[in-house]
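Okay, structure first, notes after.
The values are calculated or read from the model by the stated rules, or taken from the named source; none is laboratory data. Computed from a predicted structure; not experimentally measured. Cβ placement follows ideal geometry from the backbone for every residue including glycine, while neighbour counts extend to all protein chains displayed. Ligands, DNA and RNA are stripped out before the accessible areas are found, and what is left, the full protein with its side chains, is counted by its heavy atoms. Shrake-Rupley method; radii C 1.70, N 1.55, O 1.52, S 1.80 Å.
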Amino acid sequence: MGESDMQDPRSTAIEELPLTGEPLPLDLVNTVYIKGGVRGRMIDALAEPPDLDVWLAAQRVRFPAPVADEMLRAAPADSSLFDDFLGLRRSLRALAGVCTASGTAEPADLAVLNTWARRAASWQELVQEEGLITVIGRRSEDDPRRAALARIAAEAVALFAGAGTGAELLRACPAPGCVLYFVKSHSRREWCTVGCGNRVRVARHSRRGRDAGR
């Protein structure tokens, strides 16, 4: 097998995520999933810093243009950046669970989310350059990857905030052996993926068959 035929296993792990295309906070949460249903095993697609680079590259177009452009030139993720993403992911998962189960949020999770959301601030300033007054964009977070993390946090605040924001449509997939979250994008959507729905229907059919044979 030549080098051109070999695929980066990290790229494969990101490509094999069972659910993508949800709001960015949920896409980050859903990088942890169970492969194989009830008897499956937990998979973490962000197991080490290079995995984060792959995930951010896949999500890059969903961030504002200046941030997305700078991400192309950013150095590889280090352990500090990796820990920041995992820390927010833990808090987002906990808060998604609270929102879908009508629970009470832990102050520590709210603090992590709000700290990063504050760092999403951006604004415009007037400057004079070569005799011309022009507008330039500024943001509170210089590192483009951390600016992306702050953007995810800000979107989570909007997602989890309450009625009219999408929070009422946030769902934890009810399929046994699934830990994913999704937004109920249409009235008939009950599962995170078709695969979960099919698995539940097959289980119901088998159960009815066993019950009928008694």
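Using a cutoff of 8 angstrom between alpha carbon atoms and counting only pairs six or more residues apart, the relative contact order for the chain works out to 21 percent. Multiplying the residue separation of A75 and R60 by 0.36 nm and subtracting their alpha-carbon distance yields 3.9 nm. Against the main long axis of the alpha-carbon atoms of the chain, helix 144-160 sits at an angle near 50°.
Each residue was assigned an accessible area with a 1.4 Å probe, and for T115 the value is about 60 Å².
Cα axis of helix 107-118 to longest principal axis of the chain: angle in degrees, 0 to 90, nearest 10? Tilt relative to the chain: about 40 degrees.
Heavy atoms of the protein chains alone define the surface here; on that basis the chain has 58 Å² accessible area per residue at 1.4 Å probe size. With R₀ fixed at 41 Å, the C-beta to C-beta distance from D83 to L132 puts the FRET efficiency at about 0.45. Of the solvent-accessible surface of the chain, computed with a 1.4 Å probe and all protein chains present, 53% belongs to carbon and sulfur. Helix 49-59 and the longest principal axis of the Cα set of the chain meet at an angle near 90°.
The modelled label-to-label distance for the pair K35/A172, using points 7 Å beyond Cα in the direction of Cβ, is 2.4 nm.
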